[in-house]
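The values are calculated or read from the model by the stated rules, or taken from the named source; none is laboratory data. Because the structure is a prediction, the values reported are computed rather than measured. All Cβ positions, even for glycine, are placed from backbone atoms using ideal geometry, and neighbour counts span all protein chains on display. These area figures cover heavy atoms from the full protein model, side chains too; ligands, DNA and RNA do not enter into them. Shrake-Rupley method; radii C 1.70, N 1.55, O 1.52, S 1.80 Å.
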Amino acid sequence: MDKVNSFSCSMWFFITVFLVTECVIVSPRCQWYIKSKMSSEEKRRTNYQSGHALPFPGVKAYVDPDTYEDPTQAVHEFAKEIDPTRIRIERVIGAGEFGEVCSGRLRIPGKREIAVAIKTLKGGYVERQRRDFLREASIMGQFDHPNIIRLEGVVTKSRPVMIVVEYMENGSLDSFLRTHDGQFTGIQLVGMLRGIASGMKYLSDMGYVHRDLAARNILVNSNLVCKVSDFGLSRVLEDDPEAAYTTTGGKIPIRWTAPEAISYRKFSSASDAWSYGIVMWEVMSYGERPYWEMSNQDVILSIEEGYRLPAPMGCPVVLHQLMLHCWQKERSQRPKFTDVVSFLDKLIRNPSSLLALVEDIQGESF
Ligand code: ACK
């Protein structure tokens, strides 16, 4: 009898220990439940303990809105609710997966009206679409930097559901460059690249990995200031017409993505640095398509064999060298965004450093 008692006691002990261990340490579902109950400050700390880059002292860490049980709670924590009577929609400027993108004006109490872009969620959506649509606002609302697109607020309490952001007069960087082919000085182009690098440094300091950095996802204002946009983790890739399915089932914009992210989904600030090198190439070639008409499969194989994009015509040697640095196979060897910003700052302070062009150097060797 005693033996039976002690056996059942041990069994209970074992079951209790197993359940506690499973729930607290192992099960992602339980972890998700626990996270969803945490405050945003606790979420921040946990984000970092679970392998994200450490935040810099005084820099706020990014909180993944998916750790909220109720996504609406995340939106309201990070985005202001706007009274729709303060918004005046003027015209449609584009189409997104979720609905139209419009330009318009936003009346800010006590201030003059400001120009805004308004993304709308078209009627007939299902809950998942609403959540995915608003995820971008929950992410953008956490950032405050001159090279990151600024969120003004959201409309969630009336229809249509809207995301309101600052208006960028020159639209997306890729089409902007294509329509202004050859029209900027080297310093102007480096200034644009410096802005993008500065925005990316801010994101990586916050522990946010973009995963879809490309000229099409950068917006340009009337002062040529470039701002990083298109946030939303996996949704960004679902949305991106450049994203293609890989053999492992992920949807990835192959031409912009680092090899380790393509082959085993190792996304990090170092894979963002690879994409940054591709953006540099897009900028210096005025919006040319990376790897031209090569197929995605050929791009993957060529990169694996060590091929890298050549310098665009008229590209300063120093900038092509920086691109090649961003495209190191070994991700730890790629530059950090902080290094990129300081390097570009030095070039801007010393414009003669841009005078040596790749074709001049190549010409000399013949
Ligand atoms: O290249 P575009 O003119 O710039 O066309 C696309 C279109 O909307 C669909 O995304 C433009 N767009 C997106 N966000 C903004 C913004 N904040 N300000 C101005 N235009 C924007 C984008």
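Starting from residues that are open to solvent by less than 10 Å² (accessible area, probe 1.4 Å) and within 8 Å of the chain's Cα centre (by Cα), keep the ones in segment 204-228 and report whichever is farthest from the ligand (Cβ to nearest atom).
Looking at the filtered set, the residue picked out is Tyr208.
Kindly establish whether Ser285 is out of contact with any Leu (no Cβ under 7 Å at 6 or more places or on another chain) and touching a residue at least 24 places away in the same chain (Cβ under 8 Å).
Working: out of contact with any Leu (no Cβ under 7 Å at 6 or more places or on another chain): yes; touching a residue at least 24 places away in the same chain (Cβ under 8 Å): yes.
The answer is yes for Ser285.
Here are Gly124, Gly153: which of them is at positive phi and modelled with pLDDT under 95?
Numbers: Gly153 fails: modelled with pLDDT under 95.
Only one candidate qualifies: Gly124.
Out of all the residues in segment 237-246, is one or more in a strand (DSSP E or B) and modelled with pLDDT under 95? Write out each step before concluding.
Filtering segment 237-246 for residues in a strand (DSSP E or B) gives 244-245.
Of the ones still in play, those that are also modelled with pLDDT under 95 are 244-245.
Scanning segment 237-246, I find at least one residue that is in a strand (DSSP E or B) and modelled with pLDDT under 95, so the answer is yes.
If you check Cys315 against the conditions, is it under 22 Å from Arg265 (Cβ atoms) and free of Cβ contacts under 8 Å to residues at least 60 places away in the same chain?
no
In segment 119-127, is there at least one residue being more than 26 Å from Leu203 (Cα to Cα) and either of a type in the set (Gly, Ala, Ser) or within 12 Å of the ligand (Cβ to nearest atom) (or both)?
Yes, that holds for at least one residue.
Being more than 16 Å from the ligand (Cβ to nearest atom), open to solvent by less than 70 Å² (accessible area, probe 1.4 Å), free of Cβ contacts under 8 Å to residues at least 60 places away in the same chain and touching a Leu at 6+ places or on another chain (Cβ under 8 Å) is the requirement here; does Arg130 meet it? Walk me through it before giving the result.
Values: more than 16 Å from the ligand (Cβ to nearest atom): yes; open to solvent by less than 70 Å² (accessible area, probe 1.4 Å): yes; free of Cβ contacts under 8 Å to residues at least 60 places away in the same chain: yes; touching a Leu at 6+ places or on another chain (Cβ under 8 Å): yes.
Considered against the rule, which asks whether it is more than 16 Å from the ligand (Cβ to nearest atom), open to solvent by less than 70 Å² (accessible area, probe 1.4 Å), free of Cβ contacts under 8 Å to residues at least 60 places away in the same chain and touching a Leu at 6+ places or on another chain (Cβ under 8 Å), Arg130 comes out as yes.
When residues of segment 155-187 are filtered for being within 11 Å of the ligand (Cβ to nearest atom), buried (at least 18 other Cβ atoms within 10 Å of the Cβ) and of a type in the set (Val, Ile, Thr), how many remain?
Residues that pass the stated criteria total 3.
Looking at (1) surrounded by fewer than 15 Cβ atoms within 10 Å (Cβ to Cβ); (2) within 12 Å of the ligand (Cβ to nearest atom); (3) under 26 Å from Leu193 (Cα atoms), which one does Met140 not meet, given that it meets all the others?
Every listed condition holds for Met140 apart from (1).
What residue, among those in segment 97-116 that are over 24 Å from the mean Cα position of the chain (by Cα) and not in a loop (DSSP other than H, G, I, E, B), is farthest from the ligand (Cβ to nearest atom)?
Taking segment 97-116 as the starting set, the residues that turn out to be over 24 Å from the mean Cα position of the chain (by Cα) are 104-114.
From what is left, the residues that are not in a loop (DSSP other than H, G, I, E, B) are 104-107, 113-114.
Details: Gly104: 10, Arg105: 13, Leu106: 12, Arg107: 18, Glu113: 15, Ile114: 12 Å.
The extreme case among them is Arg107.
If I go through segment 70-93 residue by residue, how many of them are closer than 16 Å to Leu134 by Cβ and in a strand (DSSP E or B)? Don't jump to the end; show me each part of the working.
Going through segment 70-93, the residues closer than 16 Å to Leu134 by Cβ turn out to be 70-82, 84.
Keeping just the survivors that are in a strand (DSSP E or B) gives 81.
The number of residues fulfilling the criteria is 1.
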